[in-house]
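First up is the structure itself, then whatever we jot down about it.
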Amino acid sequence: MNINISKVCKTLICITFFSLTSCKAQTNSPNILLVLCDDLGYADVGFNGSVDINTPELDKLATNGAKFTSAYVAHPFCGPSRAALLTGRYSQEIGAPFNLHSNSSQNDADNMGVPLKETFMSKALQDAGYYTSAIGKWHVGAAPKYHPNKRGFDNFYGFLGGGHNYFPEKYRKQYEAQKKAGVKEIRDYILPLEHNNKEVRETEYITDALSREAINDIKKAASKKAPFFMYLAYNAPHVPLEAKEEDLKLFSHIKDKDRRTYAAMVYAVDRGMGNIVKALKETNQYENTLIVFLSDNGGNTDKGANNFPLKGRKGDAWEGGYRSPMFFHWPNKIAKGITFNYPVSALDLYPTFVALANTQVPKGKKLSGKNILNHVVNNTEPYKDEMIYCLRYRHGFADVGARKGDWKITRMGNEPWRITNINKDIGEKKNLSGRYPEKLKEMVLETEKWTENFIYPLWFYSAKDEELWSDGRMPQFSETFVIDKLVQPASKK
Ligand code: CA
């Protein structure tokens with residue numbers, strides 16, 4: 001029998017090389033726990049100045065790590081912000097600038113989701129050898145081909161739609177009654193939760209259920225040789241405002257009922273984070289886990305949130321729409337007590353995580369952000385002379401916000417463009433367009449150039465949106481960037 005020695009050697013070399021590279025990823029790379037809240041206000045955690053909501057566990061993590069004062073998400077509401085976070089690209093560049101329909105999981109005609117060619121960060125990390133887990137809200141494609149298990153998550157526990165009611169004993173009754181009555185499209189907020197495509201009979205308050213699942217998975221991950229990546233997407237404190245009695249009692253000093261309930265919902269997240277940290281410590285994973293905490297967009301001030309001192313709210317391009325509380329906590333690498341004031345974007349997390357995993361950005365994948373870890377460690381500016389954008393399509397125009405260094409330009413609706421020194425005027429009170437017309441012009445032009453990368457939306461949230469786009473570009477879109485007619489003369493400022 002002839003043995004092909006050369007072939008055997010090649011195979012052995014390949015096996016050895018594969019083992020070495022796998023080992024490298026496993027021993028050098030940290031675990032990554034990405035915690036996303038939903039509609040959490042800028043001022044609604046203790047570490048960002050909340051005076052009426054206690055978040056002791058989050059505060060401990062923030063003060064023992066790096067706290068970001070100017071962290072921006074890529075869009076001021078849920079779906080597009082998450083699409084951007086997971087793909088590392090602005091949602092307008094990948095055709096996902098609108099929320100998916102609320103019942104897209106049940107309606108074949110709404111078989112929509114974030115394009116598969118946009119590899120999610122989870123897939124890049126899974127390919128690098130990470131054990132990957134998504135827990136909570138999805139909202140980036142509910143049809144089978146867009147399921148978390150198809151997008152790089154080994155494990156998924158949660159719900160596919162844009163939100164969920166919190167008390168199973170209440171919503172299950174509604175769900176079963178509607179199912180019995182043959183309701184065709186049952187609202188996704190009351191659908192049963194699932195675990196890797198299998199319906200589960202959840203019994204706990206949803207925030208507690210998600211914390212429980214995170215803890216179980218952290219314990220499971222400890223027995224694996226590979227590091228873990230967990231995307232823990234709490235739906236709290238997004239509406240409906242529903243809190244546990246035991247948590248509400250802690251906030252009896254808050255008179256406004258919505259605010260009290262909202263506070264108790266945030267506290268439930270904090271309580272969960274305390275238990276998660278405990279599980280990380282018990283399993284000896286605490287020191288080498290990077291915990292990143294942020295919200296998907298600004299607080300909904302009509303529903304209990306507080307974005308002080310920022311102007312605006314969820315959905316708009318004022319700072320309150322898309323500037324989020326955020327921290328990095330990682331004892332092995334990040335020193336305690338850092339306050340990082342330079343602007344950063346949620347889009348930076350994808351390239352940062354890929355670098356931490358000692359792996360490459362998937363071939364052909366474009367990314368809008370950058371690896372910021374060394375900037376955070378060394379306190380250097382990641383976006384020197386570069387801009388961070390936010391744009392929301394309204395009906396027939398766009399709300400736009402763009403930040404460069406100390407400066408922020410904003411256009412809301414059909415109001416004139418504004419420019420603000422955001423470090424001196426965080427509440428965007430003064431419009432300095434009369435005093436700095438050239439700076440305004442430069443930033444507006446740069447923002448307009450950014451929109452050249454946009455593609456036609458793959459879906460629309462409403463029929464009205466779709467009508468407005470029927471000519472291929474939203475009516476009045478280019479007018480969004482006209483400055484001359486809109487800028488108030490200096491004498492009127
Ligand atoms: Ca949201």
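The values are calculated or read from the model by the stated rules, or taken from the named source; none is laboratory data. Note that the structure is predicted; figures quoted are calculated from it, not measured. No Cβ is skipped: glycine too gets one built from the backbone with ideal geometry, and neighbour counts run over all protein chains shown. Areas reflect the complete protein model, heavy atoms only, side chains present, ligands, DNA and RNA absent. Shrake-Rupley method; radii C 1.70, N 1.55, O 1.52, S 1.80 Å.
Residues in segment 76-99 that are among the charged types (D, E, K, R) and within 12 Å of the ligand (Cβ to nearest atom): 82 only. Checked across segment 56-68, the condition of being within 21 Å of residue 299 (Cβ to Cβ), part of a strand (DSSP E or B) and at pLDDT 95 or above holds for at least one residue. Just one of the listed residues (152, 136) is under 30 Å from residue 366 (Cα atoms), in a loop (DSSP other than H, G, I, E, B) and not acidic (Asp, Glu), and it is 152. Of all residues in segment 52-68, those satisfying the criterion of being polar (S, T, N, Q) and surrounded by fewer than 23 Cβ atoms within 10 Å (Cβ to Cβ) are 54, 63, 64.
Each row is one residue, and each column tells you yes or no for (1) open to solvent by 10 Å² or more (accessible area, probe 1.4 Å); (2) at pLDDT 95 or above; (3) touching a His at 6+ places or on another chain (Cβ under 9 Å); (4) in a loop (DSSP other than H, G, I, E, B).
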{"site": "3", "(1), (2), (3), (4)": "yes, no, no, yes"}
{"site": "12", "(1), (2), (3), (4)": "yes, no, no, no"}
{"site": "16", "(1), (2), (3), (4)": "yes, no, no, no"}
{"site": "26", "(1), (2), (3), (4)": "yes, no, no, no"}
{"site": "42", "(1), (2), (3), (4)": "yes, yes, no, yes"}
{"site": "47", "(1), (2), (3), (4)": "yes, yes, no, no"}
{"site": "70", "(1), (2), (3), (4)": "no, yes, no, no"}
{"site": "76", "(1), (2), (3), (4)": "no, yes, no, yes"}
{"site": "80", "(1), (2), (3), (4)": "no, yes, no, no"}
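Comparison of 142, 177, 181 shows that the only residue that is farther than 21 Å from residue 349 by Cβ and crowded, with 24+ Cβ neighbours inside 10 Å is 142. Scanning segment 285-301 for any residue that is more than 30 Å from residue 223 (Cα to Cα), touching a residue at least 24 places away in the same chain (Cβ under 8 Å) and open to solvent by 10 Å² or more (accessible area, probe 1.4 Å) turns up at least one such residue.
Taking segment 297-307 as the range and being within 11 Å of the ligand (Cβ to nearest atom) and closer than 27 Å to residue 65 by Cα as the test, the residues that pass are 297, 298, 299, 305. Inspect segment 223-233 for any residue being out of contact with any strand residue (DSSP E or B) (no Cβ under 7 Å at 6 or more places or on another chain), outside any loop (DSSP other than H, G, I, E, B) and without any contact (Cβ under 8 Å) to a residue 60 or more places away in the chain and give the result as yes or no. Checked segment 223-233: no residue is out of contact with any strand residue (DSSP E or B) (no Cβ under 7 Å at 6 or more places or on another chain), outside any loop (DSSP other than H, G, I, E, B) and without any contact (Cβ under 8 Å) to a residue 60 or more places away in the chain.
In segment 233-251, the residue that is least open to solvent (accessible area, probe 1.4 Å) out of those that are within 16 Å of the ligand (Cβ to nearest atom) and more than 17 Å from residue 204 (Cα to Cα) is 238. Condition check for residue 351 on (1) touching a residue at least 24 places away in the same chain (Cβ under 8 Å); (2) more than 20 Å from residue 124 (Cβ to Cβ): one failure, at (2). Within the option set 294, 290, 310, being away from the ligand (no atom under 14 Å from the Cβ) and closer than 17 Å to residue 44 by Cα holds for one residue only, 310. Of all residues in segment 372-408, those satisfying the criterion of being buried (at least 18 other Cβ atoms within 10 Å of the Cβ), over 19 Å from residue 78 (Cα atoms) and of a type outside the set (A, V, I, L, M) are 375, 382, 383, 397, 403, 404, 407, 408. Of the residues examined, residue 336 is not one that is under 21 Å from the mean Cα position of the chain (by Cα), open to solvent by 20 Å² or more (accessible area, probe 1.4 Å) and over 23 Å from residue 226 (Cα atoms).
Within segment 378-402, residues that are under 21 Å from residue 426 (Cβ atoms) have Cβ atoms under 6 Å from residues that are among the aromatic types (Phe, Trp, Tyr) in these pairs: 381/342; 388/72; 389/450; 390/322; 402/389, counting only partners at least 6 apart in sequence or on another chain.
To keep it simple, each residue is scored yes or no on (1) assigned to a loop (DSSP other than H, G, I, E, B); (2) on the phi > 0 side of the Ramachandran plot; (3) in contact with a Leu (Cβ under 7 Å, 6 or more places away or on another chain); (4) of a type in the set (Val, Ile, Thr).
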site	(1), (2), (3), (4)
210	no, no, yes, no
215	no, no, no, yes
241	yes, no, no, no
279	no, no, no, no
287	yes, no, no, no
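If you go through segment 409-459 and pick out every residue that is among the polar types (S, T, N, Q), assigned to a helix (DSSP H, G or I) and open to solvent by less than 10 Å² (accessible area, probe 1.4 Å), you end up with 2. Looking only at segment 313-333, residues that are open to solvent by less than 30 Å² (accessible area, probe 1.4 Å) and within 11 Å of the ligand (Cβ to nearest atom) come to 4 in all.
When each of 371, 332 is tested for being within 30 Å of residue 29 (Cβ to Cβ), out of contact with any helix residue (DSSP H, G or I) (no Cβ under 9 Å at 6 or more places or on another chain), part of a loop (DSSP other than H, G, I, E, B) and touching a residue at least 12 places away in the same chain (Cβ under 8 Å), the lone residue that passes is 332.
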